[in-house]
Every structure is written in structure tokens, then in C-alpha cells.
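The next block holds one structure in the form of C-alpha cells; read it before the comments.
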Amino acid sequence: MAAALPVAITAPRPLTLLAVLAVMVAVGGALRMAEYLPHRNASVRIAGASAHVQWRVVALWAVAAAFMLALVIVGLIVGDFPVPARDALATVLWDRGGEFDFIINTLRFPRLTVALLAGIALACSGAIFQGLIGNPLVSPDIIGVNNGAALVAVFILAVGGDVSLLPYAAFAGAASTALLIYVLAWKSGVSGARLVLVGIGINSVLAAGITFIQVRFPIERIIAAARWQAGTLFGASWSDARTLAIGLAILLPLAFFFTRRLRLLQLGDDTAAALGIRVERDRLALLAIGSGLAAIAVAVVGPLGFVALLVPHIARLLAGNLTGGVLLLTGVLGGLFLLGADLIAQRLFAPTALPAGVITAALGGPYFLLLLARYNRAL
Amino acid sequence: MRSEASPPVPIEPPTLAGRELQLGYGGPLVVEQFDTTIPTGRITAVIGANGCGKSTLLRALARLLRPSAGSVLLDGEDIHRQPTKEVAKRLGLLPQAPTAPDGIVVNDLVRRGRYPHQKMFDQWSPEDERAVARALDLTNMVQFSDRSIDELSGGQRQRAWIAMALAQDTPLLLLDEPTTYLDMAHQVDVLGLLASLNRVEGRTVVMVLHDVNQACRYADHLVAMAGGAVAVEGPPREVVTAELIEHVFGLPVTIIDDPVTGTPLTVPLEPAPRSAEPATGPLVADGMA
């Protein structure tokens, strides 16, 4: 893997650039087509269980999942070391321990898995925060959860601490930041606007702390810290994937379950309380779930920007207002987005690889501006 | 639709009462004394000047505000001692200016009203489906069910919210100024809908209203509040007098019969009121002065 210091960045090869553009246009086109899917609902009832199903959401899942599978396959095949497509798939599926085992099963496949899982966690976290606070411009990175993780991680890297501790330390940083925001925002209940303002205040303090560490410690170590801060999937391992999988296995069902209550909180505290939920308790639970999802992702891949902000909007544009199904769709799209961004980051200037965070921000920034423009027009 | 065959209201409609209620938000009390039983199966209107505590009272009756003293009794039991989801099956509330996420579709909004009836895995029972269809039907919103709420007129939007509250299917329905921000035609439309819900289905309706004349027209029972206490309560024809209105709103008026319904019609007198500030305390005390 060419992840040494980016000494020189070569111009992208025309073929790579073309492939990247083709994929982006294809995804964009497919998503655009999805807007024409009819809004049809159905009731699914089996034994004592029942659910309200939006066919549109199911169709979108299917499309997104197909793209995801395709991207995973592409991700297994392409890379600096050429592996024939047949061999790449065989190595993953049945020929473990074969000729390409190290490249496929130790380098590429875990990295793809981590991208997928981290994308799911970040996007779901963003959807929860945006729903909870009722503001489409909110995400865990804006209110300081990511920087909470970053401050601790940058400190460990700057003092040359044990790198294997990084995920746990980052998780602790994110979780304690979320807790601090909640405690400081508490004033006989927590209102959305207050939470965001407190979060923005804390975020700037954390950012100042990070800058302080950057100017205070030796430059060689700060470079490693800066790389981590950009958000990178370099060196992602099966143990990272396991950490994420365990976290998601706990948090995602909770998020799905609590989405019902989130849908009521979206109608205002009074309506939600009148419909029979305990507003403060459920809001705290949702904040904990949303922060937890952001924290596990940031702990493993670093504070990747824009995924949490951006993907819930795409899901909302495609599938409409938040439901359990739309939350899961948001997750799938988040996985797709990060997977795609990481592939582009690796291949665009190959053999020089970029941190995935550069691509999520480079794609996310313009999209964010587009969104703002759209939002203004709607007002 | 089989909805006609299955009336949603239980045989024994729940009762709601405030007992020696004192309400406030941590500072001085907003409501100092409220001791009233809401007549079951009737329409009750709460009127009063701005800031007299009528919305506060409604929030307390809907268990959104914990009383500083006294209690709200739902079916004779303290409302705060009952599981909130169980209360939500019997008592619904439509706040004054409810908020909805951008672009929410009417159908989606109304479905959310089913929450108290849904179980962990039983999320969309035939009962839920019927209740939503019925709520849309009663409010005349069927043709708008796939429309985004932002595209609707003020009156349609209010009807969508009422449909949400109806989907909750509670025999007791509390509404905080359901006609605010609506033009006259839409006000009459919404109040007519509530009146028919009461007459046809026997639901108990409690609403805070700004407009005294509307309150007199649609309510069976009027609660007039002044200075954090009930000034007077009873059927509008019996209790509404020029003296009461002047006491409650600080405005000299004359009362005539509504030419259409025969209910009391309040007409402000010129010139401007003697005292701009509404009086406080019960009517009797003031009347004796």
C-alpha cells in the first residue's frame, strides 16, 4: 500500500478518472431515477407482528445494496497489486489461504468492511441528531462529538502513547463530550437549540485544545495526528471491523426501536408527551445512541467529516421523512458513500493514497453548498 | 369502510377533573385555584384574557405540567400516577402551534397518532389502519393524504393535525386554541368538525378559545378564567353576562342574542374601556365591591 508520506501526487490516470466519474454519474443517475418510484405503502402482518412498509424504501434498499455489493467487488479487485477478478472473489469466498490471501483477506476485505460499517454508523448517527434537534444542519461533528474523540487521540499520538489504545481513548473522548454537552445544556429539560449552541461552544474549545497540542509537540508526531484527524481507513483490520460490528449490533437495533419515539419528538415536546412518551428520558436515550454510533465510527476511522451531515439528507430526499426503514436506508447509503469515497481516495492519485476524509469533505463540501442553496430557495 | 360498525368510544367514557389545582412554572403561580369536573360527553370551552392561565390549565389537564399543588384526576385517579401510554389511550391533546418536520406527508403525520396503541412488534394492526383511514375521512383529508403538509392551506393543515389527534382515538380530546391563525370560514369549519365529533361519537372535547362568541356558540359548558382562578362556569346561556365579560376581559360590552343560534353574542361598547387591565379573582368578590 502506498501510504507513505505524500511526497508527490501524480496526476490521475485518465482511465481511473473516467471510471470514478462513471461510477459517480451512475450512482447519481440511479438515485435520480429512484425519485420517480411510486409512493406505495403496504401492511405486512405475520403472526402477532405487523409493520407498515413503504415499498419505495424497500426498492431503494435493494438498489443501494446492489451498488454496495458491486463496490465491494470492485474494491477487492482494484489496487496497486493487480489481482484477477476470479481469484479475488475466490480468495474471499472459498480459497482462503491462497496465493492472494494476504492482499485480499488481510488488506482489502477488512478495509472495505470497516468502510461499510463506519459509514453505516456515521450516517445513522447523523439521522438521529438531525431528527432529534429538528435542524437539517446538525451532525455529531458540528456539536463536538468528533472533536472530543480527536482531542484525546491527537494527544496520545503527540506524546507518542500506545497506538493500540487509540480506538478506546477516542471512544471515551467522544462519549464524555456527548455527556458534557448534555449536562451543560440541561435546564429543566434539554431543548434542541440549546443543545446545539452548547455543542458548538464545546466544539470550539476542543478545536482550540487540538491546535494547542499541534503547536506544542514535535512536528513528526503531529503529522501522524493530522493524518488520523483527516479520517483514514488506512491499516483497517479485522479487529477494527469487529469493534464496529459489535457496536452496531448493540446500537442499531436500539436506534431502530427508538426511531418510533424520535418520530413523536419531531412533533414537539407537548405533542410527544400527549402521545404517551417520556420526553426527557427518550431524548437522553436517543442522544446516547446517536453519540454512541458516532463514537464507535470515529474511534476506528477518525473524525471523518460530512458523512453524518450529508447522507441523511440524501436518504430524506429519496425516501421522505424518518421511519425505521428510512433509518436503515440512511445506514446503507452511508456505507455506500464511505466505501465509494475510500475507493476514490485510494485510486484517484494512485499510487499515492489520500485519506478518505479528504474525499468525503471534497464531495461533501460542494453538496453542502448545493443543499444550502436549495434550502434558501425553499424558504 | 366498516368503521361505522365499530364505534371507537368505550361504553364508559373517562372523566377528567382538577382538584384544588395550583399551577406555575417555578415562579409565581399562574393558576391559583382550579377545582372543576369536566362534563363528560360535552364540549367545554375555556375562555379568559391573555395570560390568565388557560393554556397552562390545559397543559396541566393533559399531564404535561405537574401541578404545584392539587391533582388532576383521570377516571378518579391521579393522572401522574398512571402510565403515560395508558393515559394517551384515553386523553389526546392538540397543542396551540404544533411543529412538524419539513416535508412531512399528511398520512405519515396521522399515522404517528397511533403510537399509544402500538405494541413492540405489533406496529401496524388492522385496527391502526382503520383508525387512520377513519381520521382522514372524518376530517375530509383523504384526498390530501399523500400531500406534504407544507403545501396545504392553514385550514387544511389544522385539519391534518386534528386527524392526527383523532387517530389517537381517545374519548377525551383537549385542544389549545384550535382556530388561531385561521380565517373565519376555516374557523367555522374546524369548530363544526369538533362539534360533530362530539355529537356523533360522544367524545368529550375541551378547548381553549380566544373568541367568546365562538365559545358560546359551540360549547355546552363554559369555564371563564380571570386572574388564575375560575371566575364562573356553566352553560353559556346562563353564565355569560355583560358583567362577567367586563370582569374577565376588562372591556365594557353589551350582550345580545346571536341571531342564528340564540346563544349570547358579545358586542364591545365604544368608547375605549375604562380599565385596560382585566380584573382578578372570582366574579362575586368583584361584584360586591
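The values are calculated or read from the model by the stated rules, or taken from the named source; none is laboratory data. No experiment lies behind these values; they were computed from the predicted model shown. Every residue, glycine as well, gets a Cβ built from its backbone with ideal geometry; the counts of neighbours run over all protein chains shown.
Observations on the model:
- Exactly one residue out of A:Leu329, A:Leu339, A:Leu317 is closer than 30 Å to B:Val110 by Cβ, touching a residue at least 40 places away in the same chain (Cβ under 8 Å) and surrounded by 21 or more Cβ atoms within 10 Å (Cβ to Cβ): that is A:Leu329.
- Positions within the stretch B:38-72 being surrounded by fewer than 16 Cβ atoms within 10 Å (Cβ to Cβ) and either within 14 Å of chain A (Cβ to nearest Cβ) or in a strand (DSSP E or B) (or both), in sequence order: B:Arg66, B:Ala69
- Hey, B:Gly18 part of a strand (DSSP E or B), away from every other protein chain (no Cβ under 14 Å) and touching a residue at least 24 places away in the same chain (Cβ under 8 Å) or not: yes
- Restricting A:Leu275, A:Leu262 to those that are of a type in the set (A, V, I, L, M, F, W, C), within 14 Å of chain B (Cβ to nearest Cβ) and touching a Phe, Trp or Tyr at 6+ places or on another chain (Cβ under 6 Å) reduces the list to A:Leu275.
- Scanning the stretch A:45-81 for residues that are within 14 Å of chain B (Cβ to nearest Cβ) and loosely packed, with under 12 Cβ neighbours inside 10 Å turns up A:Ile46, A:Ala47, A:Gly48.
- Of all residues in the stretch B:73-86, those that are assigned to a loop (DSSP other than H, G, I, E, B) and either more than 9 Å from chain A (Cβ to nearest Cβ) or within 23 Å of B:Val208 (Cβ to Cβ) (or both) total 3.
- Residue check, B:Val232 modelled with pLDDT of 95 or more and not acidic (Asp, Glu): no
- The stretch B:143-174, subset among the small types (Gly, Ala, Ser) and within 12 Å of chain A (Cβ to nearest Cβ), residue farthest from B:Leu193 (Cα to Cα): B:Ser148
- Against the list (1) surrounded by 19 or more Cβ atoms within 10 Å (Cβ to Cβ); (2) among the hydroxyl-bearing types (Ser, Thr, Tyr); (3) more than 30 Å from B:Val253 (Cβ to Cβ), the condition B:Tyr218 fails is (3).
- Subset of the stretch B:87-103 [within 8 Å of chain A (Cβ to nearest Cβ), surrounded by fewer than 15 Cβ atoms within 10 Å (Cβ to Cβ) and under 24 Å from the mean Cα position of the chain (by Cα)]: B:Thr99
- Scanning the stretch B:104-142 for residues that are within 8 Å of chain A (Cβ to nearest Cβ), in a loop (DSSP other than H, G, I, E, B) and either polar (S, T, N, Q) or crowded, with 20+ Cβ neighbours inside 10 Å (or both) yields B:Ile104, B:Gly113, B:Gln118, B:Gln123, B:Trp124, B:Ser125.
- In the stretch A:322-343, of all residues being of a type in the set (Val, Ile, Thr) and out of contact with any Ser or Thr (no Cβ under 9 Å at 6 or more places or on another chain), the one that is farthest from the other protein chains (Cβ to nearest Cβ) corresponds to A:Val332.
- For A:Val205, the conditions (1) more than 14 Å from every other protein chain (Cβ to nearest Cβ); (2) touching a helix residue (DSSP H, G or I) at 6+ places or on another chain (Cβ under 7 Å); (3) of a type in the set (Val, Ile, Thr) are fulfilled apart from (2).
Let's see how each residue does on (1) within 29 Å of B:Pro13 (Cβ to Cβ); (2) more than 14 Å from chain A (Cβ to nearest Cβ):
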position	(1), (2)
B:Pro178	yes, no
B:His186	yes, yes
B:Val190	yes, yes
B:Met225	yes, yes
B:Ile245	no, yes
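- Test result for A:Ser239, more than 14 Å from chain B (Cβ to nearest Cβ), polar (S, T, N, Q) and free of Cβ contacts under 8 Å to residues at least 24 places away in the same chain: yes
- Residues that are assigned to a loop (DSSP other than H, G, I, E, B) and either within 27 Å of the chain's Cα centre (by Cα) or within 27 Å of B:Val106 (Cβ to Cβ) (or both) within the stretch A:38-74 comprise A:Pro38, A:His39, A:Arg40, listed in sequence order.
- The condition of being buried (at least 20 other Cβ atoms within 10 Å of the Cβ) and within 30 Å of B:Ala163 (Cα to Cα) holds for A:Ala255.
- Scanning the stretch B:158-184 for residues that are crowded, with 22+ Cβ neighbours inside 10 Å, free of Cβ contacts under 8 Å to residues at least 40 places away in the same chain and among the charged types (D, E, K, R) yields one hit, B:Arg159.
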